[in-house]
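Read-outs: derived from the displayed coordinates by stated rules, not from any lab. Note that the structure is a prediction, hence the values are computed from the model and not measured. Every residue, glycine among them, receives a Cβ derived from its backbone with ideal geometry; neighbour counts consider all protein chains shown.
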């Protein structure tokens with residue numbers, strides 16, 4: 001089972017590395033651009049690494065939580081599920097395609113959280129067969145926490161971009177980010193779709 005934990009960490013780590021903005025050194029005017037670093041995974045590899053990481057994390061969470069004795073909702077398992085759901089929501093909503101900088105925060109946190117069930121072994125079980133509404137309640141609460149985390153990260157990113165704009169600071173990743181109004185429209189549209197479900 002520990003190998004699956006390590007595989008999930010590796011997949012999340014490679015995805016975050018592929019999404020990490022490449023450093024662009026300041027070049028004098030008229031000089032040719034530097035070639036891309038060959039040691040860096042291409043950004044397109046995140047399109048298959050991230051789904052593999054999310055699916056492996058889901059399988060890992062299922063194996064850790066759903067046991068014959070009942071659901072194991074210990075702190076390590078709950079944090080792992082919320083982090084995995086946050087990564088899945090960021091990927092499925094298209095947020096990582098629009099704002100890859102969020103992936104550089106969400107994915108390493110999800111990688112670290114996927115190790116928690118292996119490190120924190122105290123079990124907190126309750127029988128879910130006799131109380132299906134309790135299991136539904138817990139599932140909805142975990143999804144709500146994941147939505148909140150993704151929205152908070154998005155709001156922090158927007159706030160940082162807005163402060164840079166007001167202070168007239170140069171943005172090193174300006175080519176990789178859409179305009180601020182586009183991000184705000186995306187955020188409001190995303191919340192309208194999420195609240196209508």
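Order of 120, 159 from fewest to most other C-beta atoms within 10 Å? Could you put the intermediate results ahead of the total?
On the way: 120 14, 159 10.
With the sparsest Cβ surroundings first, the list reads 159, 120.
Looking only at region 97-117, which residues have a backbone nitrogen under 15 Å from a spot 7 Å from the Cα of residue 6 in the C-beta direction?
Flagged as within label range: 115.
Treat the count of other C-beta atoms within 10 Å as a stand-in for reagent exposure and order 157, 89 from fewest to most.
Values: 157 18, 89 21.
In increasing order of surrounding Cβ atoms, one gets 157, 89.
Can you sort 169, 116 from fewest to most other Cβ atoms within 10 Å of each residue's own Cβ? Intermediate results must be reported in sequence, preceding the final value.
Values: 169 9, 116 18.
Least crowded to most crowded, the residues run 169, 116.
What full-extension length gain, to one decimal in nm, is calculated for residue 58 and residue 75 as 0.36 nm per residue of separation minus the Cα-Cα distance? Mind showing how you got there, number by number?
On the way: separation 17, 0.36 × 17 = 6.12 nm, distance 1.66 nm.
This chain segment gains 4.5 nm when fully extended.
Using 0.36 nm per residue, how much length does the chain from residue 148 to residue 45 gain when fully extended, once their Cα-Cα distance is taken away?
On the way: separation 103, 0.36 × 103 = 37.08 nm, distance 2.73 nm.
Taking residue 148 through residue 45 to full extension adds about 34.3 nm, to one decimal.
How high is the FRET efficiency from residue 188 to residue 166, r the C-beta distance, R0 22 Å, rounded to 0.05? Please list the in-between numbers first.
On the way: r = 21 Å, r/R0 = 0.94.
Once the sixth-power term is evaluated, E becomes 0.60.
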